[in-house]
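Below is one structure, written out as structure tokens; the observations come after it.
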There are 2 protein chains.
Amino acid sequence: METHVLLLHIAAIILTARIFSEIAAHFGIPRVIGELCSGVVLGPSLFGLIEPSEPLRLLAEIGIILLLFEVGLKTDLGRLLHAGRGALMLAIGGFVLPFLLGLGICYYTFHLPLLVSMFVGGTLTATSIGVTVRILEDLGRESSAEGQIVLGAAVVDDLLGVVLLAVLYEFSIAGTVSIANSGKVMVFMAIFFTLAPILAKVLSAAIYRFHAESKAPGVIPIALVALVLSFAALAHAVGAPELLGGFAAGIALSRRFFLPLGITLRVDPDFSREIHEQMRPIIQLFTPIFFAMVGLSLDLSAVDWSSPFVWVFSLTLAVVAIVGKLAGGLLVPENRYARVAIGMAMVPRGEVGLIFAELGRVSGIFNNEVYAAIIIVVAYTTLLSPFWIKAYYRVFGAKFIE
Amino acid sequence: METHVLLLHIAAIILTARIFSEIAAHFGIPRVIGELCSGVVLGPSLFGLIEPSEPLRLLAEIGIILLLFEVGLKTDLGRLLHAGRGALMLAIGGFVLPFLLGLGICYYTFHLPLLVSMFVGGTLTATSIGVTVRILEDLGRESSAEGQIVLGAAVVDDLLGVVLLAVLYEFSIAGTVSIANSGKVMVFMAIFFTLAPILAKVLSAAIYRFHAESKAPGVIPIALVALVLSFAALAHAVGAPELLGGFAAGIALSRRFFLPLGITLRVDPDFSREIHEQMRPIIQLFTPIFFAMVGLSLDLSAVDWSSPFVWVFSLTLAVVAIVGKLAGGLLVPENRYARVAIGMAMVPRGEVGLIFAELGRVSGIFNNEVYAAIIIVVAYTTLLSPFWIKAYYRVFGAKFIE
């Protein structure tokens, strides 16, 4: 595609996303919905002005990696670990329940083949870490107790999702699953998430010296973006989603992160704030591209709206998708109002659901009708749950927000 | 190409470019040379670690557009217009002389076909606005009298180059040239460069209101990048180089730009400074990608270094390339020491020379030997002239810097 067309696409995407976000905010709707809708409007679902090209996908990927970096930067690792038990139960519950429910209903009620049923169940396990985080941010709850639990669970869900995807993919090709293989992936990921923040912290001390000694400006944006993108590639190399590499780098550079064994690195305490200030315009530029691209990838015009199977199947799956995550929320040791809020925050499937759906379609496991139903479920959980979450906080927020 | 590979490429490019730029600065070499060399090292000339892919080209293009936007932002239109006569003479002299000299020598001395000779002459007319501007910035002379003349001339040269390219392209296909066609291109470009800054100024007032009224941060990076990229696409639409669209937008948003007829727009005078502050990290991130990509595109391993023709031909052309621009500098009504400095600043061919060379190669007009010689000339004028310019300023600077 020619450069000037891509330049126009980028300009159109960021501007439309922002205008829709302002309109949404004006009506009290979460901004992320505006950004997602801008993609639906620009994309094949409605006007078909822009189709997702490789360079746009890259910019979107950078956007979500940088957003997760920023989330990591604002995360207090102590509080996140404190939320650990609740987050783990939420993640596992909200993973296992939708999987088993989805699998069972597809296999026993809709009589779909076992592999298809497993893939549908897999799709329902997804939690969109990007959309979930943005909803919490739009509500100003990203640093709250329940926000930390949801964040931790979303991270764990993303990791579990990758393992499940690998397992299903292996099963679809070989017909069996080797525990050794999926075990290896999990061990790699565990090593990465233990070592990555320590490595990032050590590198940040080097960046700090570089920054203090260089006579020309621009060290922070360059060194930080290079660090974050390398960690994303590193995460990919161990089999984890790239955006979690950005998150690990962010955690390490946050003000509250200390190295184990009390190793001290001479880093100015204001450095983390300066990092945030200089990175902010870059993050603000890239992240809307990601959310618009989620909307762009959601081809609602591919859905055969006249098929009764699509309607019944998608409605059933949507119920499973919501009930499964809400049930996961009930496992969290919190106030019962908070439990519901936590479960709700896990509902959006977003880009992770689309990745599962796309893989199912490309590998021929999903036929058009199953694919269409999945797309509806993703659209429904992604586009509508921010509304209820906001409404829920308005009505019941007082009962669990200290 | 897979996303994680591209992420690694971006990280490697920006980091290597910065490290080379620091090493260069340490030895008193202009930083831009470091950035260009980083591309030579990473690219096919040396290690072949990275090849220029479409997404990287896009990021590089955004980089040069944003750099020209920043240059425009720092430009005082009054001073630029004041430099107008000198800049125009410099541009035309430094365009016509290398063209005629290159054409004559190729045709009469080396007995190349007429079309090939014309294309070689065309390649020698180029001035790399990106490299030239960066050399002036590295010397801190971008706002000086001679800096404004060079900037103005580089802009005009870029426009003339496009017209010449269009004419040569038409000639190579049709065998004749229609004055009407090239006249149309010039009229379009003239209209664009008259109206674009006014339009940008009007839009900036809208952005200012948007910025003041939005409750969420991030208006400036999004609105400004969208504006700049749209103007780049608009410039392309009228047949001008995209980076000049960025320049026009920058000029319009600079503090010293006033609308004709004294139309006042209620814009906070600090707004232009705030724009610059928020845009700076983005510009710092993208522009090194451009210079590294110029180095990456320069495949020195494609040159047959054992061919005597290549050596003689390229040496002759290099002399023509330098003499032609220096002679152009002598036409400028300035102190004679300043004239030489001005002529020298116009020598680097950089990316513009590479575009001509690539077009000649792809269309079959240049054979391998001619192409190799052109690449050597581009490499030589781009990589070495920053050295002499810096040395010249050190020795003779006192004689023309007030």
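The values are calculated or read from the model by the stated rules, or taken from the named source; none is laboratory data. Computed from a predicted model, the values in this text were never measured in an experiment. All Cβ positions, glycine included, derive from the backbone under ideal geometry; neighbour counts span all protein chains shown.
Considering the stretch A:1-43, and only residues there that are hydroxyl-bearing (S, T, Y) and within 11 Å of chain B (Cβ to nearest Cβ), the residue that is nearest to A:L298 (Cα to Cα) turns out to be A:T16. Residues in the stretch A:7-29 that are aliphatic (A, V, I, L, M) and either in contact (Cβ under 8 Å) with a residue 60 or more places away in the chain or touching a Lys or Arg at 6+ places or on another chain (Cβ under 7 Å) (or both): A:I10, A:I13, A:I14, A:A17, A:A24, A:A25, A:I29. Scanning the stretch B:140-155 for residues that are of a type in the set (A, V, I, L, M) and surrounded by 20 or more Cβ atoms within 10 Å (Cβ to Cβ) gives B:I149, B:V150, B:L151, B:A153, B:A154, B:V155. Going through (1) free of Cβ contacts under 8 Å to residues at least 60 places away in the same chain; (2) within 13 Å of another protein chain (Cβ to nearest Cβ) one by one, B:Y107 falls short only on (2).
Only one of the numbered conditions (1) within 24 Å of B:V96 (Cβ to Cβ); (2) without any contact (Cβ under 8 Å) to a residue 40 or more places away in the chain is not met by B:W311, and that is (1). Out of everything in the stretch B:81-139 that is more than 16 Å from the chain's Cα centre (by Cα) and of a type in the set (S, T, N, Q), what residue ends up being surrounded by the most Cβ atoms within 10 Å (Cβ to Cβ)? Checking each candidate, the answer is B:S117.
For residues that are under 23 Å from B:D138 (Cβ atoms) and in contact with a Leu (Cβ under 7 Å, 6 or more places away or on another chain), scanning just the stretch B:364-388, find the one that is surrounded by the fewest Cβ atoms within 10 Å (Cβ to Cβ). Per the stated criteria, the residue is B:L383. Counting only helices (runs of 4 or more DSSP H) that sit wholly inside the stretch A:323-402, those with at least 3 residues that are over 22 Å from the mean Cα position of the chain (by Cα) are A:368-396.
Kindly state which helices (runs of 4 or more DSSP H) lie completely within the stretch B:129-243 and contain at least 1 residues that are more than 10 Å from chain A (Cβ to nearest Cβ) and among the basic types (K, R). Outline the logic, then answer.
Values: elements: B:129-138, B:145-174, B:179-213, B:219-237.
Qualifying helices (runs of 4 or more DSSP H): B:129-138, B:179-213.
The set of residues in the stretch B:61-80 that are among the hydrophobic types (A, V, I, L, M, F, W, C) and surrounded by fewer than 22 Cβ atoms within 10 Å (Cβ to Cβ) comprises B:L77, B:L80. None of B:R361, B:R394 is buried (at least 17 other Cβ atoms within 10 Å of the Cβ) and among the basic types (K, R) except B:R361. Out of the residues in the stretch A:244-283 that are over 29 Å from A:I14 (Cα atoms) and part of a helix (DSSP H, G or I), which is modelled with the highest pLDDT? Restricting to residues being over 29 Å from A:I14 (Cα atoms) and part of a helix (DSSP H, G or I), the top hit is A:A252. Looking at (1) touching a residue at least 60 places away in the same chain (Cβ under 8 Å); (2) more than 30 Å from A:L384 (Cα to Cα), find the lone condition where A:L165 falls short. Here A:L165 meets the rest and fails (2).
Restricting the stretch B:333-358 to residues that are farther than 19 Å from B:R141 by Cα and not small (G, A, S), which is surrounded by the fewest Cβ atoms within 10 Å (Cβ to Cβ)?
Ranking the candidates gives B:E358 first.
Note on the stretch A:289-332: among residues that are among the aromatic types (F, W, Y) and surrounded by 24 or more Cβ atoms within 10 Å (Cβ to Cβ), the one that is modelled with the lowest pLDDT is A:F291. For the subset of the stretch B:346-402 comprising residues that are more than 28 Å from B:L331 (Cβ to Cβ) and among the hydrophobic types (A, V, I, L, M, F, W, C), which member is modelled with the lowest pLDDT? The selected residue is B:V362. Can you name the residue in the stretch B:44-57 that is over 23 Å from A:P55 (Cα atoms) and surrounded by fewer than 18 Cβ atoms within 10 Å (Cβ to Cβ) and, of all such residues, is farthest from the other protein chains (Cβ to nearest Cβ)? The residue in question is B:L46. Find the residue count for the stretch B:86-104, including only residues that are farther than 23 Å from B:P241 by Cβ and in contact (Cβ under 8 Å) with a residue 24 or more places away in the chain. Of the residues in the stretch B:86-104, 1 are farther than 23 Å from B:P241 by Cβ and in contact (Cβ under 8 Å) with a residue 24 or more places away in the chain.
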